[in-house]
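J.: My questions all concern the structure below.
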Amino acid sequence: MLFRNCAGGVVFFEDKVLLLKNEKDQWVLPKGVIRNGDLSRDVALTRVKEEAGVEAEIISCVGETCYEFFSMSRQKPVCNEITWYLMRALEENYQLNEELGFRDIGFYDIDVALNMITHNQDKSLVNLAYKKYKDMAIQEIMV
């Protein structure tokens, strides 16, 4: 089995979360493999920019997920362990990157997004991240 460390972003703009539709017609979050000693936070920010054209800032780490799949191109199982960062987009602008195989993109209201997201662990992650995001916004207002 091939093990890969990855990093990604759960990106919010106001009460909306960024989702991408991949080449398998799955609604997912931006993420990528950590290579060459890069820092996970740098990979997460870079992937959000490359995959979605979104400038974002990291608010905090929001958790980890892990999943396995069979890679047809490698002809072996792959395990991706992903460190996720809670991010805030600086603007609501985004840009679909078709070269990377994405078919659709957008910022979606949280209730709509939770119904769109393909994988259950991603739904749980977004739900948790949204609660943390709202709690942090309330704390900022109180300061």
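Values in this text are rule-based calculations from the coordinates and carry no lab data. Please read all numbers here as calculations on a predicted model, not as lab measurements. Cβ: placed from backbone, ideal geometry, glycine included. Neighbour counts: every protein chain shown.
J.: Summing +1 for each Lys or Arg and -1 for each Asp or Glu, what net charge is found among the other residues whose Cβ lies under 13 Å from the Cβ of LYS16?
T.: Numbers: positive: ARG88, LYS134; negative: GLU14, ASP15, GLU91, GLU92, ASP109, ASP111.
For residues surrounding LYS16, the net value is -4.
J.: Calculate how many DSSP beta bridges within the chain are antiparallel, expressed in % of all such bridges and rounded to the nearest 5. If you can, show how the numbers build up before the last one.
T.: Working: 27 of 38 bridges.
If I count the DSSP bridges inside the chain, around 70 percent turn out antiparallel.
J.: Give the residues of the stretch 59-79 whose amide nitrogen is closer than 16 Å to a point set 7 Å from the Cα of VAL33 in the direction of its Cβ.
T.: 67-79
J.: Next up: Given an 8 Å cut-off on Cα distances and at least 6 residues of separation, report the relative contact order of the chain as a percent.
T.: For the chain, the relative contact order is 32 percent.
J.: Same structure, new question: What net charge do the residues around GLU55 carry, taking every other residue with its C-beta under 9 Å from that of GLU55, with Lys and Arg at +1 and Asp and Glu at -1?
T.: -1
J.: Report the label-to-label distance for LYS49 and GLN139 in nanometres (one decimal), using points 7 Å from each Cα along the Cα→Cβ vector.
T.: So the two model labels end up 2.7 nm from each other.
J.: Beyond 17 Å, what share of the Cα-Cα pairs of the chain remains, rounded to the nearest whole percent? The partial results should precede the final answer.
T.: Working: 6049 of 10153 pairs.
Counting every Cα pair in the chain, those more than 17 Å apart make up 60 percent.
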